[in-house]
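The values are calculated or read from the model by the stated rules, or taken from the named source; none is laboratory data. No experiment lies behind these values; they were computed from the predicted model shown. Neighbour counts are summed over all protein chains in view; Cβ atoms, including those assigned to glycine, are modelled from backbone coordinates with ideal geometry. For accessibility, only protein heavy atoms count, side chains too; no ligands or nucleic acids. Shrake-Rupley method; radii C 1.70, N 1.55, O 1.52, S 1.80 Å.
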Amino acid sequence: MATTTHIADRTPGPKRAPASSHGPLVIRRRRSARGRRSATLTVLTGLVLVYTLLPLVWLAINATKTQEGLLDSFGLWFADDFALFDNIGATFAYNDGIFARWLLNTLLYVIAGAGGATMLATLGGYGLAKFDFPGKKAVFAVVIGAVAVPGTALAVPTFLMFSNLGLTDTPWAVIIPTLVSPFGLYLMWTFATDAVPREILEAARVDGAGEFRTFFGISLPLLAPGIVTVLLFNVVGTWNNYFLPLIMLKDPDWYPLTIGLKAWNQQAATTGGEAVFNLVITGSLLTIVPLIAAFLLLQRYWQSGLAAGSVKE
Amino acid sequence: MVSVGHTHAQALGRPPTSKRRSWIGWQFVGPFMAVFALIFLAPIGYSIYLSLFRTQLIGGTAFVGADNYLKVLQDPQFWSSFGRVAIFLVVQVPVMLFLALLLALAIDSGRLYGTAFFRISVFLPYAVPAVVATLMWGFMYGTQFGLVGNINEAFGLSLPDPLSPDLILASIGNIVTWEFVGYNMLILYSALRVVNPSLYEAAEIDGAGQLRIIWSVKIPALRGALVIATIFSIIGSFQLFNEPSILKTLDPNLVTTYFTPNLYAYSLSFSGQQFNYSATVAIVMGVITMIIAYVVQLRGMRKAV
């Protein structure tokens, strides 16, 4: 897994080249060629950075404003009063604390849905990478074909099916469709192909270990970076899901955060509805903070997993 | 991918039986496929079934064969929505992917100060839900109380209204670009990471400059990843729903019920109760998406040879 170390290695110099395979002269040459940092390039790339970070900065600043402050003050600077903590309190207090309920719903959907999806993708990807079995080509064709099927093409029939089964307006309607991630399966498959050497599996089999014992005892640890990557992408997909809960759920008690925020925002546009823009903005900030924290904390793992599973010619 | 293990086993001189062609693989793949059948295959089948019927005000549901499909093909609202996402696709996807490519090359070059910071910061918007992204940009777009209004007031400008009918598609394009440029950068960057470094060394020894290395070594190495990113972007564009549907809550007149094919299918079934016709619209759109994704894949891969 040479790629793992490359990603984790932040030091300048010959990132890619294992030192043993080249003479010292080559390494020195490469360091001088690749280590020369460019202020111009940094500034130009920095323009894109400003673009990507500006809305997040806007969100953080405006979460500190009251409803009046939002309308009165300049969007990229603070208002006179700093109301962030009042806003957070108000967000959780509004409407009998429904925001906390939405947060718990989202956590439920993420743990059951994204967790289950990662488990199924890991088992399936491993099975495809390490076993030959009747129907394997059909599995490949069907799953890869399904990646191209627009998710929303399935929405109406899925809704009607779940409606007939009496599952709409229950958490199951959100959790069950989340359990399948063809992209996760694909990522896990390419990752498992490289990450688990066939020789180790053969050795375990010679020693008489069963396939599941081998999987849990030997393969699973080797698959960890891939699992973290797939899990993180599934978590993002589930945490941020909008379309599926939108069609499946009518009862606000089962909303995830995304649908709840939209409902709060929409409230202002309806006649007689109370405008709670400060709560929409603070709630938005509270919605994205956990995910951004997860990405920052786990970046070593998921970036190496992504690199190893990336497209190779 | 399937062949990797095969050639490996052959190289080691093992008999083919060591591939263990047995049913045991199904114990691993089975659970995924079971849920997959329920969540993907059954709805596709049901969708096709639905598309062959029509619910009438009088007389209940009747089998109509291909009538719904003929109706979609002559439906001006459908073609209007299709044309809109096609324009979106042709403009937004190249802009986003070109930006992502430049970013990936810049970050991979090792010439930036604070490379790791750039890499993760540019990616962060991907973690932001489409709902939040659209709400944020929606607030910022405002010409009265939003950031655009602030800037107009502070600098005495009169910037055009991003939430006007003329600019709404571009404004949505900006939101989508913002959301996914970092994600695509990461796909391309990851592909650059696995390029064999000896290729760069060989090119340098041959006297190639950095631009030449980018053009002759890095871009060709990225072709597979670019094709994947393009296909995902095409699928995403044709499925455009979240951003316009949330902007619609800001101003219902700004975004029509048939602004995108998906929004049209959604409106048909959940506001209009026309489930059969809605299923047909979704199938037609799905088939068009798959054909275009397939053609792009074929063209992209053919050039690689």
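At a glance:
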read-out	value
Among B:179-189, A:132-142, the order from most to least packed when residues are scored by Cβ within 10 Å on average	B:179-189, A:132-142
GNM top mover of A:Leu201, A:Leu108, A:Leu231 - chain A, alpha-carbon springs below 10 Å	A:Leu201
Residues with amide H under 5 Å from that of A:Asp132, placed H, sequence gap 5 or more	B:Ser22
Inter-probe distance in nm under a simple model that places probes 7 Å from Cα toward Cβ, at A:Glu274 and B:Trp215	6.4 nm
Point-charge dipole on Cβ atoms (K/R +1, D/E -1) for the range B:209-305, about Cα centre, debye to 20	680 debye
Shielding by partners, peptide B:107-120 (average Cβ within 10 angstrom, other chains)	6
Along each principal axis, Cα extent of the protein assembly as shown, largest first, Å	76, 64, 46
Listed residues A:Val196, B:Val148, B:Val194 arranged by accessible area, highest first, probe 1.4 Å	B:Val194, B:Val148, A:Val196
Spin-label model distance (nm) - A:Glu68 vs A:Ile111, 7 Å beyond Cα toward Cβ	4.2 nm
The range A:237-313: C-alpha gyration tensor shape, a/c 1.5 cut-off, then a/b vs b/c	prolate
Accessible-area value, A:Glu274, 1.4 Å probe, nucleic acids and ligands omitted, Å²	100 Å²
Candidate residues B:Met136, A:Met161: accessible-area rank, largest first, probe 1.4 Å	A:Met161, B:Met136
3J(HN,Hα) from dihedral phi, the range B:208-220, Karplus parametrisation 6.51/-1.76/1.60, rounded to Hz, x for glycine, proline	6, x, 4, 5, 5, 5, 4, 6, 9, 10, 6, 4, x
Whole-number accessible area per residue in Å² for the range B:67-304, which is evaluated in the context of all protein chains at 1.4 Å	39 Å²
Pairwise centroid distance, computed over Cα atoms, of the range B:91-152 with the range B:25-53, Å	37 Å
For chain A, accessible area per residue (1.4 Å probe, heavy atoms of protein chains only), Å²	42 Å²
Area accessible to solvent at B:Asp206, 1.4 Å probe radius, in Å²	130 Å²
Shape of chain B, Cα gyration tensor, a/c cut at 1.5	oblate
The protein assembly as shown - percent of accessible surface contributed by carbon and sulfur, probe 1.4 Å	67 percent
Amide hydrogen neighbours beyond the local backbone of B:Phe53, cut-off 5 Å, H modeled	B:Val64
Separation of the A:Phe212 and B:Gln74 label points, Cα + 7 Å toward Cβ, nm	5.9 nm
Sites B:Asp166 and A:Ala138, calculated FRET efficiency, Cβ-Cβ separation with R0 60 Å, nearest 0.05	0.75
Residue order for B:Arg84, A:Arg101 - accessible surface, 1.4 angstrom probe, largest first	A:Arg101, B:Arg84
B versus A: buried accessible surface, summed, Å² (probe 1.4 Å, to nearest 100)	11000 Å²
Minimum 20 Å² accessible area buried by the other protein chains, the range A:162-180 residues, probe 1.4 Å, relative to alone	A:Ile176, A:Pro177, A:Val180
For the range B:86-98, 3J(HN,Hα) per residue [Karplus equation, 6.51 cos²θ - 1.76 cosθ + 1.60, θ = phi - 60°, Hz, x = Gly/Pro]	5, 4, 3, 4, 5, 8, 6, 4, x, 4, 5, 5, 5
Translational diffusion coefficient (Stokes-Einstein; Kirkwood radius from C-alpha pairs) of the range B:68-110 at 25 °C, 0.890 mPa s, in µm²/s	192 µm²/s
Cα gyration tensor category, rounded, prolate or oblate, for the range A:96-304 with a/c compared to 1.5	prolate
B:Phe28 - accessible surface, heavy atoms, 1.4 Å probe, Å² rounded to 10	0 Å²
Candidates A:Tyr94, A:Tyr126, A:Tyr242, ranked by Gaussian network fluctuation over chain A, Cα under 10 Å, top entry	A:Tyr94
